[in-house]
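Every read-out reported here was derived from the displayed coordinates using simple, explicitly stated rules and does not represent laboratory data. From a predicted model like this one, the values you see are computed outputs, not experimental measurements. Every residue, glycine as well, gets a Cβ built from its backbone with ideal geometry; the counts of neighbours run over all protein chains shown.
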Amino acid sequence: MSEQDKVFGELARRYTKAYGESLLTENQELPSQQVDLPKADQAVKRLMRQSRRRIFYLIGGLAAACLVITVVLPVKNGLEETSPRIIAEENQSDTGPHNQPGQAGQTGGELILLAFSLPENLTVKESMVDQGQSVYLLADRLRDDVVLTMEKLEAPAEAADTAEMTIVEINGHQVYIRSDAAYQQLICYQGDLVYRMTCRYDVNTLLPVAEKIFSDEL
Amino acid sequence: MIILLAFSSESEKELFEQMYVKYKKLVFFKAMEILHHEASAEDVVSETYLRLFRNIHKVSHVETASRLAFLMTIAKNVALTMREKESRYQVVEFAEEYIETASEVVMEEDIIARMAASDIMSLVDQLSEELKAVFVLKFGYDLSHREIAEILNISENNVTVRIFRAKKKLAALVAGAAGKEAAYV
């Protein structure tokens, strides 16, 4: 930087400081009435979401890699070789309960194993049985974690909880979705199971899971 | 390293959020002064914070006042560009001017040092907003021409031209303020 540019630098820095201070004063003197900026608020929320995702990439990268190596790959390999029912039988007879994912959290019943592969962005973080439902917490690479519950469908009447939901067709199957400001929900039925899943931000996190449910007939 | 980067991103995220909550109203009012139209002013708020978001790391280390000046420099530029587009004419700038007069501008350091903050303000405020924006971003925040071009959404060539014009005008103003004429080498 030339000597002249240093002088300009000094001038610019003194100017920005003085200008900024005048703006701070002006900001304090603004009328107290609320200004409604819904479009800008939405835009900033979207940016913050992106930011959360970026941060998750940074600190979650190593953790996700470890999780994939230690938990998901062994489970997935097992599923590719045998059907879920066979695995369940094997687990009952040959394998101790602590070798099953999430067994420590089980209460009231047997964990229904995932009979489909997960989309690449999702990994099983935790699983448990709660009040007859098999619950999986799926960590999303983009930090839109999914809670998936699977439950045996006892009667057709149970389908009633899809009322007022939007119907979307995937691979010829109907799935039910609901988008809310607070959460996203998807319900679908396959075989004798009802799958319910929720995530925080984007229903597009859930739809590929439903697609896998219908396409991966293991 | 990863954790340090993550903390840095996290603190910048908080800073960005704070700057939105604290100053969005001020940005909106400033945009209204230029555009006199609420929907357009709100668009200015959105665009300004989008540009701030992309460049928050460039001002995360500076003091609050300078950070706010940076935000408002972007906001004014966005609003003026919007007004210019709406008025259906564009100011055409020629890079040739830079080439023709690319001599060094001379300005004396002690004159600046003797000036009060209010004098500095009124001096730099004599620049047009478009010259002021590039001048402030270049010399106040040490940004490269490419970074300035991205923030202001103009070509690097235009940045170079505007910086030269700003320096030239400021040198003349400072010389005038000191009772002498600017000299060119």
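Here is the result for the range B:20-83: no GluC sites (Glu not before Pro) lie in DSSP coil with at most 10 other C-beta atoms within 10 angstrom of their C-beta.
Work out the mean other chain Cβ neighbour count within 10 Å for the residues of B:161-173 and drop it here as an integer. Don't skip to the answer; put the middle values down first.
Working: counts 0, 0, 2, 0, 0, 2, 5, 0, 0, 5, 3, 0, 0.
The shielding value for this peptide is 1.
Here the label points at A:D202 and B:I111, each 7 Å from Cα along the C-beta direction, are separated by 5.5 nm in the simple model. Estimated at 0.36 nm per residue, the fully extended path between A:D36 and A:R178 surpasses their Cα-Cα distance by 48.4 nm.
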